[in-house]
Amino acid sequence: MKKLFAVLALFLTLCGCAAPKKEVGREEKTAGEPAVIGVWISCFELEAMLSGGNFREEFAAAATKLGEAGATDAFVHVRAFGDSLFESEYYPQKQSAKQYGFDLIEYMTETLAAKNIRFHAWINPFRSESGGFLDPADESVRARILLGVREIAERYDISGVHFDDYFYPSAEDSADAASLDAYKSAAGCALPTDDYRRSVITAFMFAAKSAAKCRDENVIFSVSPAAGIEKNETSAFADVKKWCALGAVDWIIPQLYFGFDYPLREYRFDNLLAQWKALERARGVKLIIGLAAYKVGTAKEPDAAEWKENGAGVLRRQKEICLNDADLSGIALFSYSYIG
């Protein structure tokens, strides 16, 4: 219980944190700094390795494949649905992980390190064991997540903690109804609902960053929001503008999973990239672009023609744009199964 209150105190303290700002467009890469070439390894890809009973061999092969592809960083899905790959104090151990007599995360970090690839512990913070969504406004929910982040950061020699785009499921969702009612009843001058939700998530992000760095200040705290800046703010209540401007994250990795000819002009790759580059970023906040390796050769509407007919060319062009832009710090590819 003391741990819980300590984390809650930290959470409340960090609500007003800010960081020095930088000029828009300032170059983020230092001289000689290599570009990030990241790859996501999803829970489904990891589960395929776990369920076969030969995880050592499967993951060693994956690390070799990543090394051959030039990867510098791997975002490995260690907690997708309120579960754990190890015997956690806060989360039930994943069933497929119980068959192994060694520490899976320790093995993965060491195996990737041998290939000079950094390990980032990828977490879905607000997904429940049943696949539903937890209430982001519930203090006990946030405290458990923060304790889980801290547990991983203290226990393992990781390079980073990574969140994806799951915060509030939608503007219409009622997951936070009870917390919201309690807040409005208690607050003398309550914020409008949307502003309240954004403030909850922003304060949580600062607290998560602190938890990720509890053992080592050099641990990278990153997040991969959806492509639409305004949609993040109005639907997921992820205030990415504020996160970047105030330094709530070290790396921001928007999922720009769209081609150059997408029917909705605003979501065409060039336009999305320009919007993200225009955001004010605090000193040290790096912009890395998430790219859709999984879409190469697919025929899913509304942009089937572009990806089906010349998907490899689309992805190659996007890589070249990103890796030759001095204001960007690299790329991340979704996902492991789709890299060459």
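Here is the figure for the stretch 169-198: residues that are in contact with a Lys or Arg (Cβ under 6 Å, 6 or more places away or on another chain) and either within 22 Å of residue 39 (Cα to Cα) or in contact (Cβ under 8 Å) with a residue 24 or more places away in the chain (or both) total 0. Return yes or no: is residue 295 of a type in the set (Lys, Arg), within 17 Å of the chain's Cα centre (by Cα) and buried (at least 17 other Cβ atoms within 10 Å of the Cβ)? No: the conditions fail for residue 295. Take the conditions out of contact with any His (no Cβ under 7 Å at 6 or more places or on another chain) and farther than 25 Å from residue 76 by Cβ and apply them to residue 325. Does it pass? Taking the combined requirement at face value, the residue satisfies it.
Yes/no per residue for (1) touching a helix residue (DSSP H, G or I) at 6+ places or on another chain (Cβ under 7 Å); (2) under 19 Å from residue 289 (Cα atoms); (3) modelled with pLDDT under 95:
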| site | (1), (2), (3) |
| --- | --- |
| 16 | no, no, yes |
| 38 | no, yes, no |
| 88 | yes, no, no |
| 103 | no, no, no |
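Number of residues in the stretch 138-164 that are outside any helix (DSSP H, G or I) and either over 17 Å from residue 209 (Cβ atoms) or basic (Lys, Arg) (or both): the value is 3. Contact map, the stretch 290-302: residues that are at negative phi paired with residues that are part of a loop (DSSP other than H, G, I, E, B) and surrounded by fewer than 17 Cβ atoms within 10 Å (Cβ to Cβ), Cβ distance under 6 Å, separation 6+ or inter-chain. Pairs shown: 302/263. Here residue 47 fulfils each of the conditions (1) in a helix (DSSP H, G or I); (2) in contact with a helix residue (DSSP H, G or I) (Cβ under 7 Å, 6 or more places away or on another chain); (3) without any contact (Cβ under 8 Å) to a residue 60 or more places away in the chain; (4) farther than 19 Å from residue 339 by Cα apart from (4). When 81, 86 are checked against the criterion of being under 22 Å from the mean Cα position of the chain (by Cα) and closer than 28 Å to residue 226 by Cβ, 81 stands alone in meeting it.
Considering (1) part of a helix (DSSP H, G or I); (2) touching a residue at least 60 places away in the same chain (Cβ under 8 Å); (3) of a type in the set (D, E, K, R), the lone condition that residue 308 does not fulfil carries the number (2).
The values are calculated or read from the model by the stated rules, or taken from the named source; none is laboratory data. Since we're looking at a predicted model, the values are computed, not measured. Virtual Cβ from ideal backbone geometry, glycine too; neighbours counted across all protein chains shown.
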